[in-house]
Amino acid sequence: DTGVSQNPRHKITKRGQNVTFRCDPISEHNRLYWYRQTLGQGPEFLTYFQNEAQLEKSRLLSDRFSAERPKGSFSTLEIQRTEQGDSAMYLCASSWYGLAGSNEQFFGPGTRLTVL
Amino acid sequence: DAKTTQPTSMDCAEGRAANLPCNHSTISGNEYVYWYRQIHSQGPQYIIHGLKNNETNEMASLIITEDRKSSTLILPHATLRDTAVYYCIVRVGSGGSNYKLTFGKGTLLTVNP
């Protein structure tokens, strides 16, 4: 399968614990995005990378959140000291960005986080 | 990015055309109309996008009014697998804030047998 993959698909954790999610984009894509989706709402943008550089972070991304894309391929999203309000679906997407602008984003299946 | 307005929900009979409207009255000249859909428990899926002209691909057709203030996504022969939330998104095609998609709540399309 050559689509965007995310692991784990589900994560249950206790409040205060740290969690880390992984996203593997489509291999030739140079842009990678993280979104968060809560129940009944559309996805909300969190941050994005072009290659290994993190170019934009939403105000939704508090200090407890950190994202990396160390070699410009896969990315990780870590949440420290999780809170119940962090419970959501975390979606990763990737796209190719070139001189002609950005192509459409392809999304992974998401990681559903439940904080007890 | 311009704001969009969509009905909360719609129903369609299997085999019939599904016409999903979207209002984007504040759209700017360099903004495209994108449609994504999200089937339950999956990530969003790109459907189609357009600037001024009507567009068609293997999934759907996009009709944009001449003043570009509204558009309609058409699924010509809806199937049960088309039941999903459909998002209409307006964003610039290049530069600016085109790196992100701003989703609203979308339209829940239910295709009935």
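The values are calculated or read from the model by the stated rules, or taken from the named source; none is laboratory data. Since we're looking at a predicted model, the values are computed, not measured. We place every Cβ from the backbone using ideal geometry, glycine too, and count neighbours over all the protein chains shown. Ligands, DNA and RNA are stripped out before the accessible areas are found, and what is left, the full protein with its side chains, is counted by its heavy atoms. Shrake-Rupley method; radii C 1.70, N 1.55, O 1.52, S 1.80 Å.
Remarks
- For the peptide B:33-44, the mean number of other protein chain Cβ atoms found within 10 angstrom of a residue's Cβ is 4.
- Sparse-neighbourhood loop sites, trypsin sites (Lys or Arg not before Pro) in segment A:1-87 - DSSP loop, at most 14 other Cβ within 10 angstrom: A:Arg9, A:Lys14, A:Arg15, A:Arg59, A:Arg64, A:Lys71, A:Arg81
- Here segment B:1-98 is treated with +1 on each Lys and Arg Cβ and -1 on each Asp and Glu Cβ, and its dipole about the Cα centre works out to around 140 debye.
- Between A:Leu91, A:Leu32, A:Leu77, the Gaussian network model of chain A with springs among Cα atoms under 10 angstrom shows the greatest mean-square fluctuation at A:Leu77.
- Each 5 Å bin from zero up to the one holding the largest Cα-Cα distance in the protein assembly as shown carries the following percent of pairs: 1, 7, 14, 18, 18, 16, 12, 8, 4, 1, 0.
- Normalised convex hull volume, segment A:1-76, alpha-carbon set, Å³ per residue: 115 Å³
- Estimated dipole of the protein assembly as shown in Debye, rounded to 20 [Cβ of Lys and Arg +1, of Asp and Glu -1, Cα centre]: 660 debye
- Given charges at Cβ of Lys, Arg, Asp, Glu: chain A dipole, positive-most of A:His29, A:Gly72, A:Gln41: A:Gln41
- The solvent-accessible area of A:Glu56, taken with every protein chain present and a 1.4 Å probe, is close to 70 Å².
- Whole-percent carbon and sulfur share, accessible surface of segment B:15-58, 1.4 Å: 41 percent
- For chain A: relative contact order, % (alpha-carbon pairs under 8 angstrom, 6 or more apart): 36 percent
- Estimated dipole of chain A in Debye, rounded to 20 [Cβ of Lys and Arg +1, of Asp and Glu -1, Cα centre]: 440 debye
- Amide H contacts under 5 Å for A:Thr114, placed H, 5+ residues apart: A:Lys11, A:Ile12, A:Thr13
- For segment B:1-95, the spherically averaged projection of the C-alpha convex hull amounts to 6.2 nm².
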